[in-house]
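Working notes for the structure below.
Bear in mind these aren't lab numbers, they're just calculated from the coordinates by the rules spelled out. Predicted model only: the values in this text are computed from it and were never measured. Here the Cβ positions follow ideal geometry from the backbone for every residue, glycine too, while neighbour counts run over all protein chains shown.
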Amino acid sequence: MSAILTGFSLGLSLILAIGAQNAFVLKQGLKKEHVFVSCFICALSDAILISAGVFGFGALVTTYPQIETLARYGGAIFLLFYGLSSFYSACTVKHELTESQENTSSILTTILTCLAFTWLNPHVYLDTVVLLGSISTQYGELQYWFGFGAVIASFTFFFSLGYGARFLRPIFAQAKSWQVLEVIIGVIMLSLALSLVI
């Protein structure tokens, strides 16, 4: 139980910071657009990476830094594109959040976007595969329970964020609030893209 709680606490602390995944899941939750799929894909991706770290893949990433380099530059390009799209949306699209609002993006687009936010982000590899994988070795035979705790933290966080976003819907009933959110998301994405290449 101690290993599970430690894994849960550390896993939660690593994903609490506002990042690309979190901003996207929050946005999907506010729009009630493919919320379950968004939360599930992000959490499942984290679970795969955490498991890989616990089972020793972290050593492979350390041995072959090209993996991290490829993810870094690919992620920077993706984040740059998404950030500029958010700024464009803030300037040109008038969002109206109503109960009758229909989904505006396909489920395939949502899945691919979630996958890109996870697998093209080198910070995710460092946090989940390398960091959590390394720490798990301190628990010996209990390292898999440590990893299990971190996986539970990821599922708990993303589903809480996605479905908890509905409590903010009254605020985002106004188009102006959406414009502010789009600008904030754009700033976050461009800042992350910049941090990957400098």
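Within 10 Å, count the other beta carbons around each residue, average over each peptide in 128-141, 168-181, and list them highest first. Could you put the intermediate results ahead of the total?
Numbers: 128-141: 18.8, 168-181: 14.9.
In decreasing order of mean packing, 128-141, 168-181 become 128-141, 168-181.
The ranking of Phe158, Phe81 by Cβ neighbour count inside 10 Å, starting from the fewest, reads Phe81, Phe158.
Dividing the summed helix terms, -39500 (n - 2.57) for each DSSP H run of n ≥ 4, by the number of residues in the chain produces a 222 nm estimate of -23500 deg cm²/dmol to the nearest 500.
Dipole magnitude for the chain: computed about the Cα centre from +1 point charges on Lys and Arg Cβ and -1 point charges on Asp and Glu Cβ, it is near 380 debye.
Placing unit charges on each Cβ (+1 for Lys and Arg, -1 for Asp and Glu) gives the chain a dipole about its Cα centre, and among Ala165, Pro65, Ala193 the Cα reaching farthest toward its positive end belongs to Ala165. Ranked for footprinting exposure by Cβ neighbours inside 10 Å, fewest first, Val197, Val151 give Val197, Val151.
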